[in-house]
Amino acid sequence: MNNELDPVIHAQARLKVVATLNTLHAGDRLAFPGLKDVLGMTAGNLSVHLSKLEEAGYVEITKTHKGRTPVTYVALTQRGRAAFDEYTKAIRALLDTAGGTP
Amino acid sequence: MTDHEPAPSPEEMLRLIEQQQTAAMRRFLPDPLLMYVPWGVAWFIGFGTLFLGQGLQGDGNGPLPITWQVGLAVLWGTQIIAFVLMIIALLRSGGHIKGESETRGAMYGLAWFIGFNAMAIIAARFVPVLQADMTGPFYTALFMLVAGLLYMAGGAIYRLWPQFLLGVWVVVVDVVGTVLGGGWIYLLLAVLGGGGAVTTGLWLRRHR
């Protein structure tokens, strides 16, 4: 049954990343340090997961400068949002069927 | 590395999503306790002091010998404290999110600023021709009308029912107080208006 679940999101760390970004309003981006803090991940670990999500086209990473310091912003793409919706639907469906047959 | 951890059960994944989203909201949205409760307390103390001095008749013969100047000073003092606490809540939550929300927040903040300044200028034009005992209720009614309308607008912008309902509540209390006349507006805004803002803050905090 698990093969119905999106493998990109079906890993705790990336699910947490996507769930966090999904709370943002469309058109908003989250600064990398803010995301790192709320997830409690190391910068290196988070970067690895973000690249995987970026490869899948689920997140968009923007690099800009605030004065001289580089700042990275992260946002879910439309595709990422849709994938997260699908994933939560699939999980709920799994739970519903599991609840019916103990 | 984390890729190879065993996939948890659907229940765990769902719980993980919920926990993470709650944590994100708490981190990135201003604390409702600081956004609403201080205003409720300020109105309770400020309008309450005005009422105690002015009385139900609104003629300055209230239960306590408090002049309207003192009442107004208390109202402004407590509201300034509420404003500072609100700014602290906004600063603590902000800075991490860029984009649409920033623009929206700036426009909304500007609406409050323009609303109150316009109201003060317009009111100042009419106050000289009012009876002396009408000046206080007149300013109060306009001030709280602007506040109530902007709470409604905020509720619409942020899709936040409690904030919208607080706006409706403040406007209703404001209108009823004005229609009843005298010092009723102070009494009602202190108890019902202040109570409404405190309730909104507590409710939003509990359900965030």
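Answer yes if at least one residue in region B:26-34 is under 30 Å from residue A:35 (Cβ atoms), among the aromatic types (Phe, Trp, Tyr) and in contact with a Ser or Thr (Cβ under 8 Å, 6 or more places away or on another chain), and no otherwise. Yes.
Give A:73, A:87 a once-over and let me know the one that is touching a Lys or Arg at 6+ places or on another chain (Cβ under 8 Å) and either within 17 Å of residue B:24 (Cα to Cα) or aromatic (Phe, Trp, Tyr) (or both).
Details: A:87 fails: touching a Lys or Arg at 6+ places or on another chain (Cβ under 8 Å).
Result: A:73 is the single residue among A:73, A:87 that is touching a Lys or Arg at 6+ places or on another chain (Cβ under 8 Å) and either within 17 Å of residue B:24 (Cα to Cα) or aromatic (Phe, Trp, Tyr) (or both).
All of (1) under 19 Å from residue B:23 (Cα atoms); (2) more than 10 Å from chain B (Cβ to nearest Cβ) hold for residue A:8 with one exception: (1). β-branched (Val, Ile, Thr) and surrounded by 15 or more Cβ atoms within 10 Å (Cβ to Cβ): does that describe residue B:127? Criteria not met by residue B:127. Annotation: of all residues in region B:84-121 being farther than 26 Å from residue A:33 by Cβ and in contact (Cβ under 8 Å) with a residue 12 or more places away in the chain, the one that is farthest from the chain's Cα centre (by Cα) is B:119.
For residue B:28, the conditions (1) of a type in the set (Phe, Trp, Tyr); (2) surrounded by 15 or more Cβ atoms within 10 Å (Cβ to Cβ); (3) at pLDDT 95 or above all hold with the exception of (3).
Kindly indicate whether residue B:97 is at pLDDT below 95 and of a type in the set (A, V, I, L, M). So residue B:97 fits the description; yes.
Restricting to helices (runs of 4 or more DSSP H) lying wholly in region B:1-120: which have 3 or more residues that are among the aromatic types (Phe, Trp, Tyr)? Walk me through it before giving the result.
Working: elements: B:10-28, B:32-54, B:68-93.
Ranges flagged: B:32-54, B:68-93.
Are any residues in region A:15-44 more than 7 Å from chain B (Cβ to nearest Cβ) and either among the β-branched types (Val, Ile, Thr) or more than 21 Å from residue A:71 (Cα to Cα) (or both), and if so, which ones? Within region A:15-44, A:17, A:18, A:42 qualify. All of B:87, B:66, B:97, B:81 fail the test of being aliphatic (A, V, I, L, M) and exposed (fewer than 14 other Cβ atoms within 10 Å of the Cβ), apart from B:87. Which count do you get for residues in region B:120-145 that are within 26 Å of residue B:194 (Cβ to Cβ) and polar (S, T, N, Q)? So the count comes out to 2.
Summed over region B:1-25, residues that are modelled with pLDDT of 85 or more and farther than 30 Å from residue B:197 by Cβ total 8.
Of all residues in region B:22-31, none satisfies being closer than 16 Å to residue B:144 by Cβ and away from every other protein chain (no Cβ under 14 Å).
Scanning region A:15-45 for residues that are among the aliphatic types (A, V, I, L, M) and closer than 23 Å to residue A:86 by Cβ yields A:15, A:17, A:18, A:19, A:21, A:24, A:26, A:30, A:35, A:39.
Can you say whether residue A:81 is among the charged types (D, E, K, R), touching a residue at least 24 places away in the same chain (Cβ under 8 Å) and surrounded by 20 or more Cβ atoms within 10 Å (Cβ to Cβ), as far as the supplied structure shows?
When the stated conditions are applied, residue A:81 does not pass them.
Quick check: anything in region B:137-146 outside any helix (DSSP H, G or I) and not polar (S, T, N, Q)? No, region B:137-146 contains no residue that is outside any helix (DSSP H, G or I) and not polar (S, T, N, Q).
When the residues of region A:48-71 are filtered to those that are surrounded by 15 or more Cβ atoms within 10 Å (Cβ to Cβ) and in a helix (DSSP H, G or I), the one that is farthest from the chain's Cα centre (by Cα) is A:48.
Looking at this structure, is residue A:88 facing another protein chain (nearest Cβ under 7 Å), β-branched (Val, Ile, Thr) and either assigned to a helix (DSSP H, G or I) or buried (at least 18 other Cβ atoms within 10 Å of the Cβ) (or both)?
Numbers: facing another protein chain (nearest Cβ under 7 Å): yes; β-branched (Val, Ile, Thr): yes; either assigned to a helix (DSSP H, G or I) or buried (at least 18 other Cβ atoms within 10 Å of the Cβ) (or both): yes.
Yes; evaluated as a whole, the condition is true for this residue.
Per the listing B:132, B:124, the residue uniquely at pLDDT below 90 and over 22 Å from the mean Cα position of the chain (by Cα) is B:132.
The values are calculated or read from the model by the stated rules, or taken from the named source; none is laboratory data. Just so we're clear, the structure is a prediction, and the values are computed from it rather than from any experiment. Using ideal geometry, Cβ is built from the backbone for each residue, glycine included, and neighbour counts are taken over all protein chains shown.
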